[in-house]
């Protein structure tokens, strides 16, 4: 097992990465040391892993809440339902919420925990690669609104993240590839050697080699933990973790948050961001081709919906990085070097959007 720590003073917490951690009752009780536990999971994960987690928590009062699979479950209705469960079972401020699932489960369960009695503990037990390397770490919790993705939420750090790579054995191939988008992102934004490491090891990652997965997750989490430790509330550097996301959110919005997995949209968004970076003269064509090859090797080659450049830009304007009405974008000045900027030529952005959305 590899262990990292997110350094946030009194709110610091560990990230534990290894195999068969879900069956380690002592480990789970160490980090979910509560008498009352609410397990939030979804209808796909529950039949696979819920009973194992309950068995490890046999000495607790355990209540479960199972939500439907999919991005649409990050809703006010499901959030209210979790609060109803907590209230109905008289959970106190010393209770713990455990998120057993992917990013949707983690975001929803974490937001419920952030608000219930002004904040109770929660633990992330991610079951997807995307959640392992991204959404389970950093304390972002949220639900979606008809006007935009993740627009209502709170920063609420978990007590621990327990990343058991054994749980990825049942992950559908499409979901695994979607998670690889977030893995690749870390190399592109700040770690060129890691990007090169990925180029050589994508076949092993897609084959779910445990050692390679642990190494990749450890590196991604180390990068994110360091950034979150310096910029917890995304006032500066942390925004770079959203590379590909502004374009990706436009894709998700254009397709009603139902046709694309989040990681797939991020993968396409990174391609679009690389294209714009080249049009602005920030990177060269060989770097763009290299990025394209890696994304294709990771199974990320879907084409964005042809919703129109104007419509895509409208979706991009519903973004937390918008400042003074200007859409700020994360672009590349080279592989391993991303920047957040609103200083770009509008005609270059228009040409990129037309190339991908018209």
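Calculated mean residue ellipticity, 222 nm, the chain: -13500 deg cm²/dmol, from DSSP H runs (n ≥ 4) at -39500 (n - 2.57) each, averaged per residue and rounded to 500.
Here, region 173-357 is characterised by an Rg to Rh ratio of 0.94, where Rg is the alpha-carbon radius of gyration and Rh the Kirkwood radius. Listed by Cβ neighbour count within 10 Å, with the fewest neighbours leading, 132, 59, 23 appear as 59, 23, 132.
When each of 1, 87 is scored by the number of other beta-carbon atoms lying within 10 Å, the sequence from fewest to most is 87, 1.
Take every Cα pair under 8 Å whose residues are at least 6 apart in sequence, average their separation, divide by the length of the chain, and the relative contact order is 15 percent. Region 105-124 and region 261-287 have Cα centres lying 34 Å from one another.
Using equal-weight Cα scatterers in the Debye expression, the normalised intensity of the chain in log10 at q = 0.07, 0.10, 0.15 Å⁻¹ is -0.28, -0.57, -1.30.
Just need the relative contact order of region 173-357 here, percent rounded to a whole number, with Cα pairs under 8 Å and 6+ apart. Please list the in-between numbers first.
On the way: 256 pairs, mean separation 53.7, N = 185.
Averaging sequence separation for qualifying contacts and normalising by length gives 29 percent for region 173-357.
Calculated from the alpha-carbon coordinates, region 238-340 shows an Rg and a Dmax of 13.1, 39 Å respectively. Can you bin region 2-170 into rounded, prolate or oblate? Criterion: square roots of the alpha carbon gyration tensor eigenvalues sorted a ≥ b ≥ c, rounded for a/c under 1.5, prolate for a/b above b/c, oblate for the rest. Rounded. Counting other Cβ atoms within 10 Å as a rough exposure proxy, the listed residues 125, 104, 294, 85 run 85, 294, 104, 125 from fewest neighbours to most.
The value of relative contact order for region 2-170, using C-alpha pairs under 8 Å at least six residues apart, is 26 percent. Principal axis analysis of the Cα atoms in region 83-204 yields extents of 52, 33, 24 Å, listed in decreasing size.
Throughout, read-outs are computed from the coordinates displayed, never taken from laboratory work. In this text, all values refer to a predicted model and were calculated from it rather than measured experimentally. Cβ coordinates were reconstructed from backbone atoms using ideal geometry, including for glycine residues, and neighbour counts include every protein chain displayed.
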